[in-house]
1. Filter segment 162-206 for residues that are surrounded by fewer than 19 Cβ atoms within 10 Å (Cβ to Cβ), touching a Gly at 6+ places or on another chain (Cβ under 9 Å) and not aliphatic (A, V, I, L, M) and give the result.
2. Of all residues in segment 198-207, which are free of Cβ contacts under 8 Å to residues at least 24 places away in the same chain and not β-branched (Val, Ile, Thr)?
3. State all residues of segment 193-219 that are part of a loop (DSSP other than H, G, I, E, B) and either over 11 Å from Leu83 (Cβ atoms) or touching a strand residue (DSSP E or B) at 6+ places or on another chain (Cβ under 9 Å) (or both); if no residue qualifies, say none.
4. What do you reckon, is Thr41 at pLDDT 95 or above and within 22 Å of Leu190 (Cβ to Cβ)?
5. Considering every residue within segment 84-107, establish whether at least one is in contact with a strand residue (DSSP E or B) (Cβ under 9 Å, 6 or more places away or on another chain), touching a residue at least 12 places away in the same chain (Cβ under 8 Å) and in a helix (DSSP H, G or I).
6. Can you pull out the residues in segment 197-219 that are under 17 Å from His91 (Cβ atoms) and polar (S, T, N, Q)?
7. Just to verify a result, which residue in segment 50-81, among those that are acidic (Asp, Glu) and touching a Pro at 6+ places or on another chain (Cβ under 8 Å), is surrounded by the most Cβ atoms within 10 Å (Cβ to Cβ)?
8. Could you list, in sequence order, the residues of segment 112-131 that are of a type in the set (A, V, I, L, M), over 12 Å from Trp50 (Cβ atoms) and crowded, with 18+ Cβ neighbours inside 10 Å?
Amino acid sequence: MTGSTDEPTRPAGAAGDVAPSAPPQWRERDAWTALDDLDVTPALVPAGEWPAGVTCLDRPGLYAWSVDEAGAADLSRGLGAGLTVAPGRIHAGQAGATKWPSGRPGADTLGERIGRVHLGGKVRMSTLRWTLAAILFDRLELQGQAAMLVTPGSEQALTAWMREHLAVAVHPHDDRDTLAGLEHAILDRLDPPLNVSGLSPTPVRERIAVLRRRISREA
């Protein structure tokens with residue numbers, strides 16, 4: 001992995017300076033530890049059993065979602081156009097990173113992001129839910145109400161599908177200032193197919209962008 005140093009570096013400045021406009025650098029060893037937890041030896045928790053004894057719910061960090069074989073088949077049918085999603089990791093993200101360039105501290109935690117936003121939230125709150133709803137719109141017979149809003153029954157159907165077919169691995173990372181940069185490095189390495197922003201275009205990502213418009217423009 002390139003583009004990082006072993007120790008974080010922070011912009012120089014006297015005490016009392018305003019917050020830096022650029023994040024400090026993530027550590028190389030942090031990246032490899034994250035990859036171990038999310039890719040090499042992930043401790044996958046079925047979404048239907050979340051949080052199932054996870055001990056880092058109150059900490060910031062990274063997470064990666066995986067789909068089972070039946071769920072991957074559903075996603076492949078939903079994408080259409082001869083595109084497929086393989087069983088395994090499909091999406092990754094972070095919870096609680098500092099906002100740059102403003103330097104505004106993040107407050108989210110892994111427990112809140114996974115449990116409240118992704119599993120218990122709404123399409124307009126979660127990019128993962130938005131993407132899944134767009135792909136599974138016909139398969140789950142979802143119904144739109146307005147732009148970025150589906151019916152309560154549709155949200156429930158989507159949550160039930162996620163709990164049946166998804167699992168999640170987590171990696172706590174307590175340095176919120178370096179978390180966003182670490183996420184970018186991990187996404188570059190893992191290249192999850194349902195992550196659209198910031199990664200190289202693929203036929204699957206291009207198809208997702210088209211399908212998501214149905215929800216973002218629904219009236």
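The values are calculated or read from the model by the stated rules, or taken from the named source; none is laboratory data. All of these numbers come straight from a predicted model, not from anything done at the bench. Heads up, the Cβs are rebuilt from the backbone with ideal geometry, glycines too, and the neighbour counts pull from every protein chain shown.
1. Arg163, Glu164, Asp174, His184, Asp188, Pro203
2. First, pick out the residues of segment 198-207 that are free of Cβ contacts under 8 Å to residues at least 24 places away in the same chain: 198-202, 205-206.
Across segment 198-207, the qualifying residues are Gly198, Leu199, Ser200, Pro201, Arg205, Glu206.
3. Kept after step one, since they are part of a loop (DSSP other than H, G, I, E, B), are these residues of segment 193-219: 193-202, 217-219.
Selection gives Pro193, Leu194, Asn195, Val196, Ser197, Gly198, Leu199, Ser200, Pro201, Arg217, Glu218, Ala219.
4. Working: at pLDDT 95 or above: yes; within 22 Å of Leu190 (Cβ to Cβ): yes.
Yes; evaluated as a whole, the condition is true for this residue.
5. Applying the first criterion (in contact with a strand residue (DSSP E or B) (Cβ under 9 Å, 6 or more places away or on another chain)) to segment 84-107 yields 85-96, 98, 105-106.
If we keep only those that are touching a residue at least 12 places away in the same chain (Cβ under 8 Å) too, we end up with 85-96, 98, 105-106.
Checking which are in a helix (DSSP H, G or I) leaves us with none.
No, because not a single residue in segment 84-107 is in contact with a strand residue (DSSP E or B) (Cβ under 9 Å, 6 or more places away or on another chain), touching a residue at least 12 places away in the same chain (Cβ under 8 Å) and in a helix (DSSP H, G or I).
6. Ser197, Ser200, Thr202
7. Step one: filter segment 50-81 for residues acidic (Asp, Glu), giving 58, 68-69, 74.
Next, from what is left, pick out any that are touching a Pro at 6+ places or on another chain (Cβ under 8 Å): 68-69.
Working: Asp68: 15, Glu69: 11.
Ranking the qualifying residues of segment 50-81, first place goes to Asp68.
8. As a first pass, look at segment 112-131 and keep what is of a type in the set (A, V, I, L, M): 114, 117, 119, 123, 125, 128.
If we keep only those that are over 12 Å from Trp50 (Cβ atoms) as well, we get 117, 123, 125, 128.
Passing the criteria: Val117, Val123, Leu128.
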